[in-house]
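The values are calculated or read from the model by the stated rules, or taken from the named source; none is laboratory data. All values reported here derive from a predicted model rather than from experimental measurement. Virtual Cβ from ideal backbone geometry, glycine too; neighbours counted across all protein chains shown. Quick note on the areas: whole protein, heavy atoms, side chains included, nothing else; ligands and nucleic acids left out. Shrake-Rupley method; radii C 1.70, N 1.55, O 1.52, S 1.80 Å.
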Amino acid sequence: MDFTTTARLESPLPANITANDDFLEFLFSGSEIQYEALKAKAQQQEDLPRFTLKGVTLTFNLDADYQVVNTRYTRNVVGIVEGTDGRLKDTYVAFGAHYDHLGYLQGALPAGQTDRIYNGADDDGSGTTALIALARAFAQGPKTKRSLIFVWHAGEEIGLHGSKYFTDHPTVPLEKIVAQLNMDMIGRNHDNLASESNTVYLVGSDRISSELHQILLAANAGLAKPMTLNYQLNEPTDPERVYYRSDHYSYAAKGIPIIFFTTFLHPDYHRVTDSVDKIEFEKLAHIAQLVYETGRRVADLDHEPVHDFKGPHLAVGSAAN
Ligand SMILES: [Zn+2]
């Protein structure tokens, strides 16, 4: 295929060394722990002892030269709707989604499969199109006091590159952004469960600003049909570490209060089968309305949402309204 697999050569990686049994036995020969015994313990999944190899010096000669054979460029897409208040309109509420995905499947296809295209309908076509709808609604509908900035991020899938770039090189002063609302995968039901049809997962809303979380609750309560809010992914023990895994984190890392909206994983996640026929459009629109109402309230607030940095403390537990 026409792409190469060398893109991550510039990323720092821990050293990873492979050696055969003969070499390792020799290496352990002066030590009280013998390699065979250690290997047997590892195979039994027993705890391994901590010890020092005696009389061993290893020298590595590394050839770190490489050639760049391929550079790919991309751009974030940014739009602004100006606010109406003379004092507040140089401050912003930011809305985001990512418009990149995984490209197409390279190399040999599994038997019987002919599709190479990663459609990314949910990840993150859902957030990308909701963001267009939000920008249109705010541009054509009633104006807010604060200005609004919409950022379609690039390069999210390979390491939040677009949002990192935007927060390092912002087009408006970062300290003027009072909150960022991120949407990534908001068009499905978690694991295709029908019981999830009114559920949205929220991450981070209380971590930097308790007030932002309260605004979100009020916005949801004000919807014609409030959604079921699930905070499971905001738990500090969440094994998926979702708080760190989409573009909102680039903003949170700079101290900006964020809310991440998602409908969570499903069997088509990062597969070619993440296709548009599986999108729950009514639910997608419903979540966009929740983001709109939350953003509108923050944009009309006469003060910046308080930064109290309490971490996850309000948005805990699942299915709380
Ligand atoms: Zn995504």
Near pairs, Cβ below 7 angstrom, 6+ apart or cross-chain, from the stretch 82-102 (surrounded by 24 or more Cβ atoms within 10 Å (Cβ to Cβ)) to any residue that is among the acidic types (Asp, Glu): 96/247; 97/124; 97/184; 98/124; 98/156; 98/184; 98/247
Sole exception among (1) within 16 Å of the ligand (Cβ to nearest atom); (2) open to solvent by 30 Å² or more (accessible area, probe 1.4 Å) for residue 187, by number: (2)
Tally of residues being away from the ligand (no atom under 16 Å from the Cβ), closer than 18 Å to residue 278 by Cα and of a type in the set (A, V, I, L, M, F, W, C) across the stretch 107-121: 1
Residue 313, sole failed condition from (1) part of a loop (DSSP other than H, G, I, E, B); (2) open to solvent by 20 Å² or more (accessible area, probe 1.4 Å); (3) under 24 Å from residue 98 (Cβ atoms): (3)
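Here's the yes/no breakdown for (1) within 21 Å of the chain's Cα centre (by Cα); (2) within 20 Å of residue 130 (Cα to Cα); (3) assigned to a helix (DSSP H, G or I); (4) in contact (Cβ under 8 Å) with a residue 24 or more places away in the chain:
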{"position": "254", "(1), (2), (3), (4)": "yes, no, no, yes"}
{"position": "260", "(1), (2), (3), (4)": "yes, yes, no, yes"}
{"position": "294", "(1), (2), (3), (4)": "yes, yes, yes, yes"}
{"position": "306", "(1), (2), (3), (4)": "no, no, no, yes"}
Conditions (1) touching a helix residue (DSSP H, G or I) at 6+ places or on another chain (Cβ under 7 Å); (2) open to solvent by 70 Å² or more (accessible area, probe 1.4 Å): number failed by residue 64: (1)
Checklist (1) modelled with pLDDT of 95 or more; (2) under 21 Å from the mean Cα position of the chain (by Cα) applied to residue 142, failing item: (2)
Candidates 148, 160, filtered to the one that is in contact with a helix residue (DSSP H, G or I) (Cβ under 6 Å, 6 or more places away or on another chain), within 12 Å of the ligand (Cβ to nearest atom) and not acidic (Asp, Glu): 160
Criterion (closer than 26 Å to residue 143 by Cα, assigned to a helix (DSSP H, G or I) and within 16 Å of the ligand (Cβ to nearest atom)) met by exactly one of 284, 290: 284
Verdict on residue 79 being farther than 26 Å from residue 278 by Cα, out of contact with any His (no Cβ under 6 Å at 6 or more places or on another chain), among the small types (Gly, Ala, Ser) and part of a loop (DSSP other than H, G, I, E, B): no
Any hit, the stretch 115-132, residues being of a type in the set (Phe, Trp, Tyr), in contact (Cβ under 8 Å) with a residue 24 or more places away in the chain and open to solvent by 40 Å² or more (accessible area, probe 1.4 Å): yes
Filtered residue count, the stretch 139-180, keeping only those that are open to solvent by less than 30 Å² (accessible area, probe 1.4 Å) and not in a helix (DSSP H, G or I): 19
Qualifying positions in the stretch 207-251 - within 16 Å of the ligand (Cβ to nearest atom), of a type in the set (Ser, Thr, Tyr) and assigned to a loop (DSSP other than H, G, I, E, B): 246
The stretch 91-106: number of residues that are away from the ligand (no atom under 16 Å from the Cβ) and assigned to a strand (DSSP E or B): 4
Leading residue by the ranking (surrounded by the most Cβ atoms within 10 Å (Cβ to Cβ)) among those in the stretch 1-54 that are modelled with pLDDT of 85 or more and small (Gly, Ala, Ser): 31
Of residues in the stretch 66-114 being aromatic (Phe, Trp, Tyr) and farther than 26 Å from residue 287 by Cβ, the one modelled with the lowest pLDDT: 66
Cβ-Cβ under 8 Å pairs, at least 6 apart or on other chains, the stretch 57-79 side closer than 30 Å to residue 150 by Cβ, far side of a type in the set (Val, Ile, Thr): 76/151; 77/151; 78/149; 78/151; 78/171; 79/149
Which listed residue is aromatic (Phe, Trp, Tyr) and surrounded by 18 or more Cβ atoms within 10 Å (Cβ to Cβ), from 281, 264: 264
